[in-house]
Structure formats: C-alpha cells, structure tokens
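Reviewing the structure listed below.
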Ligand code: TRP
C-alpha cells in the first residue's frame, strides 16, 4: 500500500471484507455515543425524522459518490482529485478531508479513552451495585481527574497506530467481521432490558414522537452533520476504501448495506438509552457523558449484567478502533502516496501530533466542543457538497455510469442518483449549511 503503482496496492480479499471494513468505519462512537447525545440535545423525535431523511436522500448518494471517486482513481482522496479533476483547486477538497481527519481523530480518541476507562471500571466491578446518582458521579470524578483521561487517550492512539501499521488486509478485515455482529447482539440484549423498565414508554415517545415545534435551522444542521459523521462521509475515508474495492463489485449495494447497518445500530442504541433515561429519572438533554451516565444503570438491573457490561464497553472500544483506523488511514495514505513519506514515519508523526491535540481536548472542553462542531457541522457538509458537485457536474456522466455499473452489471437507480447528485443534494446541503450557521439570516 505504500506504493503509488496501483497494481501493487493492497486490496480486500472478499466482498464481505469491503462491506465489513466500510461498516467498521461507519459504526463507532458516532452511533452509540454521539447519536443519542445529539437526539437528546435536539429535542428527540423530530431530529430523528430529519436525520433518517438525510441518511436516505443525501447520505447514501454522497457515500456512493465517494466510493465511485475512490475506485475510479485507485488512489487516496487527494490523489483521486489530482488524477480526475481538470483544475488544481479540486485538490483542496482532499486537503480539507485530511484536515477534518485530524480534528475528528483528536476528539474521537478522547471519547474512545472514556470507553477504555469504562472497560476498566466494569472489569474491576467499579460500576456494580451503584445507584444512578453514584453512576452519574463516577463520570464527573473521572473527567475532573484529567491525567487519567489523557493516559487513556494516548493508549487509544497507540492502538490505532499499531493497527494501521499492520496494513489493510491483516489489520482491518480480520477484526470487523466477527466483532461488529457481536456488538449488535449485546445492544439488542440491552434494548430488551431497557424496554421492560418502568417508564420506558416515555423514552420511546421522546425518541419517536416528533415535536415539530422543536425544529430550528440549528437542529436541521446538526441532523445533517450527524448523518455525515455517522456514515463517515464527506472527507475521503470512504473514497479511500472505495479505492480498495475490486472493479467487479457493485458499489450501490455496498453503499446501501453500510448505511443500513449504521442506521440500525444508531437506532438500537437510542432504543436502549432513552427508555432508561426516563426510567431512571434523568434528563435527555445532557453533556457528552450521556451514555456513560445512563447505560451502567441498565446493566446493573440485568441478570449477568456485569459480564455484559464488560463485553459492551470492550466492543464499543473496538468499534471505535475500526473507525479511528479509517481516519488515521486517510492521513497516512495522503502522506505516503502524495508526500512520499514512509508509511511508518507518517503513522508515528501523525499519531504524535493528534495525541497532542487530544490532550488539548481533554484539558479544554471548549476545544473539544469546537472540534466536534467544526468537523461534523462545517467540514463534512462542505466536503459532501464538493463531492456531489464533482460527480454531478465535473465528471462525465457516461464515466460515472460505467464505474457504477462495474463490468456489465446494471445500476437501475442511475437516473435517480444523478438527479439527487446534481440538484437535490447540492441545494439541500447548501441551504441547510448556510441557514444553520446563520449566514442566510445575515444576508436576507
Ligand atoms: N463514522 C464513525 C462513527 O460513527 C466516525 C468516523 C470514522 C468518521 N471515520 C470517519 C466520521 C470519517 C467522519 C468521517 O463513529
């Protein structure tokens, strides 16, 4: 993979391998940590409805566009734009993606560090037999300690670097295939328990009954940002994976399966968390600690809960790892393929730098918050906007069609896809973005 010559690039060995790795990138803290926290802070059901609409109408087409760009070019994002785009300015989309990867990985490693702490707490019985109030305090005390969150962040970055150095095939494919289905099973067990708690109905109502009065431009932008973040789209991760997909595989199926799996996990996480939030008398709108303050209470009421708790946080951590490696991979692929830096050197230098930013995120919650907001709600939507414009207007439609139909297969939805990519997605992203950050209000 260090080579620029595409014939010697590493690839995936099986069809399931690609879907598993792309799903591994998509499924992560975004589904289980960020999604519930966004739903809670943005009023519940109405946010969910808009989120689901964005996944289908914008997320899937953007994912397909990205897969297509990557596979056509057989290169990392930056190299792909360099090869396919007529004008140099398009390379900035790749640069923006690499920049987004830095920001995302910095706070991502911090939250992944929290999951490591919770694995530790669960193993040492630190969460068992505690009241909801005590569980709540445990998170606050942990966060105020600073040093321990920093150490976990560094450990997580180290793990990420070690997997990335192992290369695509051995590193990624092996883990995701078995572990993600197992995570799904545990979440379903959690759901069942959560749904039988007294007061669960109120949580379900919060999640599924839309209250349209709660919709504001900011809520809509957050839903768009969350859709992009959760699907790992808008900055080149998926394009990089696309470049590893064999030419014989149909990309439309990949985009749909990955998006479906990702959305399912987020929904199931919500179905565990909100019933519990109301059953334990907590508030749905909370800080970033939401899942860590809520979920241990469900495990504590479950037969065999301690074991499930250990497994859950461990698998969550692994889900975070299969996402973080995709982020680090974007940066490393760029540095090694474009800047000709050795993979090993690129990996360690990037890991060191991001660890530094991660420490800043631990020390200053404003930095943490800014990184989350700027990456999800600014960089990813803008990246997605440029990607659809590129596929809709810059590439020749016949080329796009050919790449999507891969070796004689048919892509029946091509007309729908092109219509969305040319008209719906650019306008929708543009309006939601400008309105959400307040630019439209300034002008009108
Ligand atoms: N989608 C991942 C999650 O939900 C996070 C992630 C991995 C990501 N790679 C990305 C987000 C690229 C945006 C872009 O946890």
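The values are calculated or read from the model by the stated rules, or taken from the named source; none is laboratory data. In this text the structure is predicted, and so the values were computed from the model without any measurement. Counting neighbours? That spans all protein chains shown, and the Cβs are built from the backbone with ideal geometry, glycine included.
Inclusion of residue 95 among residues that are within 16 Å of the ligand (Cβ to nearest atom) and surrounded by fewer than 17 Cβ atoms within 10 Å (Cβ to Cβ) is warranted. Restrict the check to segment 292-310 and report whether at least one residue is within 16 Å of the ligand (Cβ to nearest atom) and under 22 Å from residue 112 (Cβ atoms). Yes; the residues of segment 292-310 include at least one that is within 16 Å of the ligand (Cβ to nearest atom) and under 22 Å from residue 112 (Cβ atoms). Set side by side, the residues 248, 257, 222 differ, and just one is more than 11 Å from the chain's Cα centre (by Cα) and outside any helix (DSSP H, G or I), which is 248. Do we have any residue at all in segment 316-338 that's more than 18 Å from residue 75 (Cα to Cα), more than 16 Å from the ligand (Cβ to nearest atom) and more than 15 Å from the chain's Cα centre (by Cα)? No, segment 316-338 contains no residue that is more than 18 Å from residue 75 (Cα to Cα), more than 16 Å from the ligand (Cβ to nearest atom) and more than 15 Å from the chain's Cα centre (by Cα). Note on segment 294-316: residues that are in contact with a helix residue (DSSP H, G or I) (Cβ under 6 Å, 6 or more places away or on another chain) and buried (at least 21 other Cβ atoms within 10 Å of the Cβ) amount to 11.
Residues in segment 115-127 that are in contact with a helix residue (DSSP H, G or I) (Cβ under 6 Å, 6 or more places away or on another chain) and either part of a helix (DSSP H, G or I) or at pLDDT below 95 (or both): 115, 116, 117, 118, 119, 122, 123. For segment 203-210, the criterion of a residue being outside any helix (DSSP H, G or I), within 25 Å of residue 261 (Cβ to Cβ) and away from the ligand (no atom under 16 Å from the Cβ) is satisfied by at least one position. Residue 277 falls short of the stated requirement of being within 15 Å of the ligand (Cβ to nearest atom) and touching a residue at least 40 places away in the same chain (Cβ under 8 Å). The number of residues in segment 35-61 that are more than 25 Å from residue 420 (Cβ to Cβ), within 16 Å of the ligand (Cβ to nearest atom) and surrounded by 23 or more Cβ atoms within 10 Å (Cβ to Cβ) comes to 2. Please enumerate the residues belonging to segment 219-237 that are at negative phi and at pLDDT below 95. Hits for segment 219-237 are 235, 237.
Within segment 72-84, the set of residues being assigned to a helix (DSSP H, G or I) and surrounded by fewer than 24 Cβ atoms within 10 Å (Cβ to Cβ) comprises 72, 73, 79, 82, 83, 84. Report whether or not residue 188 is touching a helix residue (DSSP H, G or I) at 6+ places or on another chain (Cβ under 8 Å), surrounded by fewer than 18 Cβ atoms within 10 Å (Cβ to Cβ) and at pLDDT 95 or above. In short, yes. Taken together, the criteria place residue 375 among residues that are buried (at least 19 other Cβ atoms within 10 Å of the Cβ) and modelled with pLDDT of 95 or more.
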